[in-house]
1. Could you size up the charge dipole of the chain around its Cα centre, putting +1 on the beta carbon of Lys and Arg and -1 on that of Asp and Glu, and report it in debye to the nearest 20?
2. Provide the convex hull volume over Cα atoms per residue for the chain, in Å³.
3. For an R0 of 25 angstrom, estimate the FRET efficiency from the Cβ-Cβ distance between Thr49 and Lys3 and round to the nearest 0.05.
4. Defining a contact as two alpha carbons under 8 Å apart and six or more residues distant in sequence, what relative contact order in percent does the chain show?
5. According to a simple spin-label model (label point 7 Å from Cα along Cα-to-Cβ), what is the distance in nm between Thr14 and Leu33?
Amino acid sequence: SCKSKDVSNCTGLTGWQINNARKHLKKYSTGELVNALATIRNAEIGIKTGAIEETIAVPHLLVNIL
């Protein structure tokens, strides 16, 4: 989702990380990625507060993200 020509300075990623990420361009929209990050964050908070058991956190994330 970076629109800058200097991706490294904009994102803080190294050249190696940028080249690896290019292999996966256009697989997910920016909105899908933001929603995935929000789901992961909510799961993390749920685990820390005891609302979600650790044993079901990863399957829960996979079902909700994929």
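1. It works out to roughly 440 debye.
2. 117 Å³
3. It comes to 0.10.
4. It comes to 21 percent, rounded to a whole number.
5. 2.0 nm
Values quoted throughout were computed directly from the atomic coordinates according to the rules given, and no laboratory measurement underlies them. These figures come from a predicted structure and were not determined experimentally. For neighbour counting, all protein chains shown are included, and Cβ atoms are generated from backbone atoms with ideal geometry for every residue, glycine included.
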